[in-house]
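Step one of this worksheet: look at the structure below.
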Amino acid sequence: MNDVPPEDTPYWQKLEAEIRAVLAGYGYQEIRFPIVESTELFKRSIGEVTDIVEKEMYTFEDRNGDSLTLRPEGTASCVRAGIQGGLLYNQIQRLWYMGPMFRHERPQKGRYRQFHQVGVETFGMTGPDLDAELILMTARLWKRLGLDGLELQLNSLGTSEARAAYRRQLVDYFGAHREQLDEDSKRRLEGNPLRILDSKNPDLRELIAQAPKLTEHLDAESREHFATLCGILDAAGVSYRVNPCLVRGLDYYSRTVFEWVTDQLGAQGTVCAGGRFDGLVEQLGGKPTPAAGFAMGLERLLELVRGQLRPDHEPHAYLVLVGDTAQRQGLVLAERLRDAVPGLRLQTHCGGGNFKNQFKRADKSGAKVALVLGDDEVAQGSVGVKYLREDTQQQNLAEAALVECLTKFVN
């Protein structure tokens with residue numbers, strides 16, 4: 001679990017602002033919910049025979065003896081909040097959230113035990129057009145961030161009935177080759193055989209490649225849904241690869257699943273992943289409600305786009321104060337300037353110090369100009385403007401002219 005030092009937070013803020021702008025452009029609204037939930041919520045939604053529930057959750061008993069868990073993902077919490085808040089039944093919702101998640105797993109590049117996600121969840125829309133909108137929205141974000149080299153992988157998991165029939169075929173197939181399975185896969189064979197398809201063990205690659213394919217056992221409606229989605233993406237010019245082994249690590253997915261992956265982050269190559277979870281709302285006690293969404297890890301995304309981000313966080317100006325009268329009036333002047341110039345980032349020198357040291361701090365702050373207020377300037381009703389990043393002669397300006405000058409910097 002890592003701190004984010006002050007020199008890094010502007011990059012986080014810039015990335016978060018870009019994501020918010022894209023989501024707002026599609027009419028999505030933010031929802032916020034607690035970091036801690038009942039453990040049972042995640043067991044019921046994610047599935048008990050998953051790595052997350054079995055190995056990775058931070059679970060503890062509170063003083064009342066209730067089992068609580070730090071949220072390992074956001075979808076279950078969003079559905080729970082939607083049910084309790086009366087937001088879902090017979091309604092259309094486009095929601096998003098952002099914040100920390102917690103999984104006790106091996107830390108690696110772009111993934112830590114406290115990590116941060118942006119999640120998008122939609123409710124009340126059944127068609128492949130909504131699935132396409134989610135994918136197109138992520139593609140727009142990559143373009144806005146200047147991010148190249150991601151591959152979109154797609155698959156359809158069909159209905160729960162189709163998966164049940166397919167599950168039986170997988171059990172028969174992998175059961176006939178049980179001696180070739182690793183211990184994890186043997187355990188999953190009885191509880192969640194589809195997860196064997198997602199195994200990262202290279203020794204199982206050939207066995208998995210020869211396994212029955214879910215796409216060959218889809219119901220007709222799911223096949224049409226998937227074909228329509230692919231047609232929309234083709235028309236929009238979004239390239240993709242159908243990956244029949246893409247099953248996602250959570251039990252609640254159905255029909256469309258997708259991942260944006262990269263080879264630039266080592267083993268943890270998934271940047272954004274999601275799909276449909278039409279049965280989850282009912283599974284968690286709500287009325288039947290179609291749903292779909294995705295989540296992306298901010299640490300991984302930041303690792304990829306940091307070089308393209310240009311956070312604008314330095315002050316526009318640094319106010320140097322020399323003399324007792326100037327120090328008394330400096331803060332008041334700074335407030336007037338902030339009132340007069342919306343968006344002005346003005347850092348005022350505090351704590352005393354001679355003229356030379358104050359200018360060193362002004363330069364170190366990254367400000368474009370130093371504003372110099374000494375006792376003489378106070379008497380004359382002016383402020384000195386010294387340019388720190390360009391070869392321009394120093395000026396002495398009255399307050400009205402200074403406001404005009406600073407407005408140009410902000411704009």
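Each reported figure results from applying straightforward, stated rules to the coordinates on display, with no laboratory input. Since this is a predicted model, take the numbers as computed values, not measurements. Glycine gets a Cβ as well: all are built from the backbone with ideal geometry, and neighbour counts include every protein chain shown.
Positive end of the dipole of the chain, charges at C-beta (+1 Lys, Arg; -1 Asp, Glu), about the Cα centre: which of Met125, Val271, Gly343 has its Cα farthest in that direction?
Gly343
Rounded, prolate or oblate: which fits the range 317-410 when a ≥ b ≥ c are the square roots of the eigenvalues of the alpha-carbon gyration tensor, with rounded for a/c under 1.5 and prolate only if a/b beats b/c?
Numbers: a/c = 1.34, a/b = 1.10, b/c = 1.22.
Verdict is rounded for the range 317-410.
How about Lys287: which aspartates and glutamates have a C-alpha closer than 17 Å to its C-alpha, ignoring those fewer than 8 places off in the same chain?
Within the straight-line cut-off, Lys287 pairs with Glu121, Asp278.
Which ³J(HN,Hα) values in Hz, rounded to whole numbers, follow from the phi angles of the range 400-409 under the Karplus curve 6.51 cos²θ - 1.76 cosθ + 1.60, where θ = phi - 60° and Gly and Pro get x?
5, 5, 5, 4, 4, 5, 5, 4, 5, 5
On a 0 to 90 degree scale, rounded to 10, what angle separates helix 160-176 from the longest Cα axis of the chain?
Once rounded, one gets 70 degrees.
I need Cys350, Cys230 ordered by Cβ neighbour count within 10 Å, fewest first.
Values: Cys350 11, Cys230 17.
Ranked by crowding around the Cβ, least crowded first: Cys350, Cys230.
Given 4 °C and 1.567 mPa s, how large is the Stokes-Einstein diffusion coefficient of the range 1-154 in µm²/s, with Rh as the Kirkwood radius over Cα pairs? Before the final figure, lay out the partial values.
Numbers: Rh = 17.5 Å.
Estimated via Stokes-Einstein, D reaches 74 µm²/s.
Which values, in whole Å and largest first, are the semi-axes of the equivalent ellipsoid of the chain obtained as the square root of 5 times each eigenvalue of the Cα gyration tensor?
Computed over the chain, the values are 54, 22, 21 Å.
Quick one: net charge around Leu150, please, counting Lys, Arg +1 and Asp, Glu -1 for every other residue with C-beta under 12 Å from its C-beta. Before the final figure, lay out each step's value.
On the way: positive: Lys143, Arg241, Arg300; negative: Asp148, Glu151, Glu259, Asp263.
Here the charged neighbours net out to -1.
Which residues' amide hydrogens lie under 5 Å from the amide hydrogen of Gly353, considering only partners 5 or more residues apart or on another chain, with H built in the peptide plane?
Result for Gly353 returns nothing.
Please give every one of the lysines within straight-line cross-link reach of Lys213, meaning a C-alpha to C-alpha distance under 22 Å, and leave out same-chain neighbours fewer than 8 residues apart.
Lys186, Lys200
To the nearest 10 degrees, how steep is helix 75-84 against the longest Cα principal axis of the chain, on a 0 to 90 scale?
Helix 75-84 and the main axis of the chain meet at about 90 degrees.
What are the residues whose amide H is under 5 Å from the amide H of Gln117, where those residues sit 5 or more places off or on another chain and H is modelled from the backbone?
Amide H neighbours of Gln117, under 5 Å, 5+ apart: Gly99, Met101, Leu298.
Taking amide H positions as placed 1.01 Å from N in the peptide plane, with prolines and chain starts having none, which residues 5 or more places from Asp219, or on another chain, fall under 5 Å of its amide H?
Close amide H contacts, sequence-distant or interchain: Thr159.
Just rank Val22, Val242, fewest to most, by other beta-carbon atoms within 10 angstrom.
Arranged by neighbour count, lowest to highest, Val22, Val242 become Val242, Val22.
Considering the chain as a Gaussian network with a 10 Å cut-off on Cα pairs, which listed residue, Asp148, Asp324, Asp182, attains the greatest mean-square fluctuation?
Asp324
Only Cα pairs within less than 10 Å get springs; with that Gaussian network setup on the chain, which residue of Val118, Val372, Val305 has the largest fluctuation?
Comparing Val118, Val372, Val305 in the GNM, the peak value goes to Val372.
Mind telling me which of Arg32, Arg255, Arg336 comes out most flexible in a GNM of the chain, alpha-carbon contacts under 10 Å?
Residue with maximal mean-square fluctuation among Arg32, Arg255, Arg336: Arg336.
How big is the range 187-269 by Rg and Dmax over its Cα atoms, in Å?
Reported Rg and Dmax, both Å: 14.5, 42.
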